[in-house]
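The values are calculated or read from the model by the stated rules, or taken from the named source; none is laboratory data. Model, not experiment: these values are computed from the prediction. Cβ placement follows ideal geometry from the backbone for every residue including glycine, while neighbour counts extend to all protein chains displayed.
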Amino acid sequence: MSKIDLVLRELHRSENSLARTLLLMADRHRAEHEVFHVARDIAGWSQEHVERIVACAERRGLHISRSASAGAPAVVERVVQRASTAVTSRPETGLLLLADLRRLHRKAAGVSLDWEVLAQAAQAMKERDVFELASSCHPQTLRQMRWANAQLKVHAPQVIAS
Amino acid sequence: MRVDATSAGPSGTSGSDRIARPWGDRTPYGPGDEWPARTDVFLADGIGADDVERWVRTASVLHSNGDAMDIAVAGGRIVGVRGRAEDRVNRGRLGPKDLYGWQANNSPDRLRRPLVREGGRLVETDWDTAMARVVSRTRELLDARGPSAIGFYTSGQLFLEEYYTLAAIGHGAIGTNHMDGNTRLCTASAAAALKETFACDGQPGSYTDVDHADVIALFGHNAAETQSVLWSRILDRLAGPQPPRIVCVDPRGTPVAQAARSGGVHLAPLPGTNVALMNALLHQIIANDWVDQEYVDAHTVGYAELRDRVAQCPPEWAAQVCRVPAEDIRAAARVLGTAERLLSTVLQGVYQSHQASAAAVQVNNLHLIQGMLGRPGCGILQMNGQPTAQNTRECGADGDMSGFRNWSNGAHVTDLARHWNLDPFQIPHMSPPTHAMQIFRNVEQGTIALLWVSGTNPAVSLPELPRIRSVLARPFLVVQDIFLTETAELADVVLPAATWGEKTGCFTNVDRTVHLSDKAVEPPGEARPDLDIFLDFARRMDFRDRGGLPFPQWHDAESAFDAWAASTETRPCDYTGLSHARLRAAPSGIQWPCNAEHPDGTERLYGDGRFFSHPDECESYGRDLVTGAPLDLTEYRALNPDAKAILKAAEYLPPHEPIVDEYPFALITGRTLYHFHTRTKTGRTPQLQAAAPDVWVECSRADAARLGLDEGDLAEVSTARGSIRARARIGGIRDGVLFVPFHYGYWDTTDDAHDRAANELTPTDWDPVSKQPLFKTAAARITRVSPATGPAPAPTTAASYPVTAGVPPTAGATAETRGARR
């Protein structure tokens with residue numbers, strides 16, 4: 001396996017994980033309605049990236065299983081979700097939200113760096129298909145990161161001050 | 001009762017029943033002509049023109065059009081109104097709410113004394129007792145928890161001076177960033193769309209663009225009911241030589257849609273798909289090269305990205321998403337793309353729907369890529385829902401910073417602090433100000449412990465009412481209003497306010513026209529102007545500026561206006577050429593910017609293609625149209641927008657609440673011509689109440705046939721949030737969509753059931769960019785409960801017209817109801 005294929009594999013893993021983090025985050029913070037809806041909207045970007053990575057890999061003769069599943073949360077996660085809606089009026093959920101946003105930002109930053117690595121390598125190796133993949137997906141990863149940062153800025157003052 | 005219409009021409013008077021004929025007689029005119037004047041008058045029964053002692057200058061507060069009028073006073077009471085023929089906005093015309101709505105001022109159930117909660121009940125008290133409770137709770141919270149424990153939720157119906165004062169007290173003296181207006185529900189996306197495209201709020205167009213346009217496009221804007229006098233103006237163009245063509249985007253068969261069907265195009269997309277439709281229209285404009293490339297190159301940035309985005313959105317694709325024929329999309333694009341003078345207006349069908357700001361921005365793009373801006377007939381009107389919403393935005397009582405300043409620009413904060421003579425650090429600007437829905441979330445979590453509501457009724461007007469009722473039970477709730485609303489009933493302290501006609505101040509309409517509204521009569525009982533209440537609170541709190549003077553430094557409406565005007569110097573909304581005296585001396589309203597350079601105001605913005613988008617000047621660096629995340633200065637600079645407009649592309653996302661088997665309809669809510677908001681005033685106006693007395697639900701003929709539903713049947717409408725019961729109107733709405741008017745709450749119901757307000761059904765979801773709640777994108781089901789006893793209580797005159805026979809037409813009040821409450 002070429003090293004660029006290793007990077008593709010790593011991106012496939014990290015985008016899957018990012019999608020899952022976003023969906024889980026939505027479920028944990030249902031009562032934070034904007035977090036809930038936007039996290040689900042932009043989880044769709046990562047899910048689409050996963051599809052495109054698989055397709056790109058296949059064109060290179062590399063088989064990556066789609067099934068690292070970026071789909072619906074598992075049973076245990078649903079319990080978390082129910083717990084989160086049960087405490088909608090407790091201020092403590094605010095700290096949990098800040099922690100989750102911080103984790104999300106770090107995870108998206110990791111994916112962003114993976115795209116950076118892939119784009120650089122693809123340019124060096126004149127791999128146009130891979131380069132175009134990175135160029136079209138990476139901006140959305142940056143937007144996911146910025147969203148986590150922006151939400152953190154919005155929520156932190158009230159959570160910490162109160 | 002007397003309704004007159006005296007035309008400037010020889011045609012004389014018109015029919016008098018303005019309930020039956022909301023837009024009055026036609027006064028046709030042609031392109032480039034001045035709209036003929038016609039003076040509409042309504043005086044109370046038994047009052048003739050000779051009985052009127054004084055006429056007092058004002059403008060309408062029951063919609064956003066800003067119809068200028070005079071209040072007739074006799075015996076210390078308001079006895080009628082007359083349109084101001086010399087005014088640029090309405091040229092003397094008045095709509096039904098203007099003509100009749102003033103009667104609510106005289107309603108016997110006005111709040112006359114403050115109320116405080118004692119042993120679970122609201123009891124009358126004096127001002128000292130009521131204000132002492134507000135002040136001591138505020139002090140306790142400031143000491144124990146700081147300013148973030150205090151929130152303000154205001155209105156789109158107070159006056160400019162009151163908003164500026166509230167902003168100064170909240171943002172300046174207290175230092176909380178929890179301040180918003182109910183304008184969040186009506187006009188936030190208009191402001192957001194202007195900020196995204198032009199980097200600053202400020203309406204580009206003018207109502208006189210109607211006089212010149214050859215195509216008028218109304219996007220989700222049922223002007224016939226929301227701004228009836230503006231619609232009269234359009235109807236007069238349609239009745240004259242060389243009438244404009246109309247493009248209407250609306251899922252209902254509104255009067256606008258009916259006008260579009262002759263010579264124009266009506267598109268009735270599924271709710272929640274506006275971005276898909278707009279992208280397809282832009283696709284066609286670009287594919288057919290109806291683009292003014294010279295204008296695009298000279299005055300905009302971002303064209304390549306927009307072109308690439310909409311290239312993926314052909315009409316056939318949008319036809320699938322929006323469920324409208326691709327051929328109709330092509331036809332509409334042709335009308336829009338071949339216009340010589342295009343006027344577009346946008347309202348709640350866009351602002352309260354999924355991807356609100358992203359869709360509204362595409363209307364701006366439609367104009368920019370064709371270079372259709374800042375010339376007669378080439379205008380954009382991103383509309384407002386409320387009469388003074390513009391001032392909530394300008395003055396900073398809605399989360400914006402006073403004077404369209406930029407929260408992310410430290411120099412702007414310092415500049416405002418200089419005007420207020422406060423330490424800039426006192427003005428919170430660590431994050432964007434808290435929008436209404438987040439304020440209520442903070443109240444729900446208990447981190448906001450005092451909520452002061454002025455001039456609005458969230459217990460009926462916010463989405464997902466079962467939740468909102470439980471939220472409003474949590475804080476120390478102060479409600480300042482003119483009637484005991486559903487919200488006031490939940491309050492700890494109720495402060496009785498004076499209203500329009502009982503106090504002096506200014507307000508500004510959609511097209512930047514500033515009107516003075518003078519005091520005509522005394523308020524009832526001990527009711528006081530909102531301005532006086534805010535200033536009284538400030539004095540009791542003993543707020544001081546840096547020089548030790550009482551803050552705010554002003555003491556009445558005129559001095560508040562002067563302080564405001566001074567603070568707008570060099571800002572786009574420049575009021576420095578205006579004062580109460582200047583407005584009183586002028587023939588009628590004046591458009592801002594009004595300054596030494598433009599002493600008579602400014603008809604259109606951006607005629608020179610230069611925008612307030614320089615990074616040092618702009619109000620906003622913009623936001624991501626999907627995530628709503630704000631851009632920072634570096635990202636904004638990278639766009640290189642200096643004095644250029646920004647073309648922002650948006651991808652279509654499916655609505656958050658999909659239509660499913662259990663809830664197979666898309667539900668939208670909205671207003672009727674005869675009511676305003678939660679009917680606190682219009683429900684107490686006999687003619688208006690009789691015209692639309694109770695809630696209804698609109699359903700298409702085909703859907704009704706499938707469900708076995710007949711006109712007037714009692715139906716239950718349900719969503720995942722709750723259910724209501726309403727009579728069915730089989731009407732001109734598209735298949736698969738239900739409409740419920742949002743006006744009907746519980747103050748005039750006879751039982752304790754919560755089964756009438758449209759917002760029992762709506763979801764808690766908002767546009768991430770503008771934070772405007774989405775009242776027009778829910779999944780619902782409808783079931784028949786019991787057969788009809790008569791037709792549905794829906795007006796027949798406008799969008800809720802019946803398609804079945806045998807429904808009597810809506811007409812003026814009967815002898816019994818007429819004037820019954822006077």
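When restricted to residues that are over 13 Å from A:Leu18 (Cβ atoms) and not hydrophobic (A, V, I, L, M, F, W, C), region A:101-122 contains 3.
Out of region B:382-399, which residues are in a loop (DSSP other than H, G, I, E, B) and either under 18 Å from B:Ala560 (Cβ atoms) or among the aromatic types (Phe, Trp, Tyr) (or both)? Passing the criteria: B:Thr388, B:Gly396, B:Ala397, B:Asp398.
Note on region A:125-162: among residues that are small (Gly, Ala, Ser) and surrounded by 15 or more Cβ atoms within 10 Å (Cβ to Cβ), the one that is farthest from the other protein chains (Cβ to nearest Cβ) is A:Ala134.
Taking region B:351-388 as the range and being at pLDDT below 95 and under 30 Å from B:Glu657 (Cβ atoms) as the test, the residues that pass are B:Asn384, B:Gly385, B:Gln386. Listed by first and then second residue, the pairs with beta-carbon distance under 9 Å, at least 6 apart or on different chains, first residue in region B:121-145 and assigned by TED's automatic domain parsing to the domain that holds B:Asn177, second loosely packed, with under 15 Cβ neighbours inside 10 Å and at pLDDT below 95, are B:Arg145/A:Ala161.
A:Glu51: among the acidic types (Asp, Glu), in a helix (DSSP H, G or I), modelled with pLDDT of 95 or more and farther than 29 Å from B:Ala778 by Cα, yes or no? The answer is yes for A:Glu51.
When residues in region B:306-355 are screened for being assigned to a loop (DSSP other than H, G, I, E, B) and among the charged types (D, E, K, R), 3 of them pass.
Return yes when B:Glu603 is more than 30 Å from B:Thr208 (Cα to Cα) and surrounded by fewer than 22 Cβ atoms within 10 Å (Cβ to Cβ) and no when it is not. So B:Glu603 does not fit the description; no. If you go through region B:601-624 one residue at a time, how many are away from chain A (no Cβ under 14 Å), in contact with a strand residue (DSSP E or B) (Cβ under 6 Å, 6 or more places away or on another chain) and among the charged types (D, E, K, R)? Count: 0. Looking across region B:656-670 at every residue that is surrounded by fewer than 21 Cβ atoms within 10 Å (Cβ to Cβ) and within 14 Å of chain A (Cβ to nearest Cβ), the one that is farthest from B:Ala199 (Cα to Cα) is identified as B:Pro658. Being within 8 Å of chain A (Cβ to nearest Cβ) and assigned to a loop (DSSP other than H, G, I, E, B) is the filter here, so list the residues in region B:429-447 that pass it. Residues satisfying the conditions are B:Met430, B:Ser431, B:Pro432, B:Thr434, B:Gly446, B:Thr447. The criterion of being in contact (Cβ under 8 Å) with a residue 12 or more places away in the chain, within 14 Å of chain A (Cβ to nearest Cβ) and of a type in the set (Lys, Arg) holds for B:Lys648. Only one entry in B:Leu667, B:Leu673, B:Leu647, B:Leu653 is among the hydrophobic types (A, V, I, L, M, F, W, C) and over 21 Å from B:Gln348 (Cα atoms), namely B:Leu647.
The criterion of at least 3 residues that are at pLDDT below 95 is met by none of the strands (runs of 3 or more DSSP E) falling completely within region B:628-741. Between residues in region A:14-43 that are at the interface with chain B (Cβ under 8 Å from one of its Cβ atoms) and residues that are of a type in the set (A, V, I, L, M, F, W, C) and not in a helix (DSSP H, G or I), which pairs lie under 8 Å by C-beta distance while being six or more apart or on different chains? Close Cβ pairs (under 8 Å, with a partner that is of a type in the set (A, V, I, L, M, F, W, C) and not in a helix (DSSP H, G or I)) amount to A:His33/B:Trp766; A:Glu34/B:Trp766; A:Val38/B:Val626; A:Asp41/B:Val626; A:Asp41/B:Leu653; A:Ile42/B:Val626.
Is it the case, given these coordinates, that B:Gly403 is without any contact (Cβ under 8 Å) to a residue 24 or more places away in the chain and either out of contact with any strand residue (DSSP E or B) (no Cβ under 8 Å at 6 or more places or on another chain) or surrounded by 24 or more Cβ atoms within 10 Å (Cβ to Cβ) (or both)? So B:Gly403 fails the test.
When you scan region B:762-784, do you find a residue that is in contact with an Asp or Glu (Cβ under 6 Å, 6 or more places away or on another chain), farther than 25 Å from B:Leu185 by Cβ and not hydrophobic (A, V, I, L, M, F, W, C), even just one? So far as region B:762-784 goes, yes, one or more of its residues are in contact with an Asp or Glu (Cβ under 6 Å, 6 or more places away or on another chain), farther than 25 Å from B:Leu185 by Cβ and not hydrophobic (A, V, I, L, M, F, W, C).
Against the numbered list (1) part of a loop (DSSP other than H, G, I, E, B); (2) buried (at least 20 other Cβ atoms within 10 Å of the Cβ), B:Val453 comes up short only at (1).
Number of residues in region A:44-54 that are more than 14 Å from every other protein chain (Cβ to nearest Cβ) and buried (at least 20 other Cβ atoms within 10 Å of the Cβ): the value is 3. Total residues in region B:738-793 satisfying the condition of being among the β-branched types (Val, Ile, Thr), more than 14 Å from chain A (Cβ to nearest Cβ) and in contact (Cβ under 8 Å) with a residue 60 or more places away in the chain: the figure is 5.
The number of residues in region A:1-26 being surrounded by fewer than 20 Cβ atoms within 10 Å (Cβ to Cβ) and among the acidic types (Asp, Glu) comes to 2. With the structure loaded, tell me whether B:Arg393 is crowded, with 20+ Cβ neighbours inside 10 Å and in contact with a His (Cβ under 9 Å, 6 or more places away or on another chain) or whether it fails that test. No: the conditions fail for B:Arg393.
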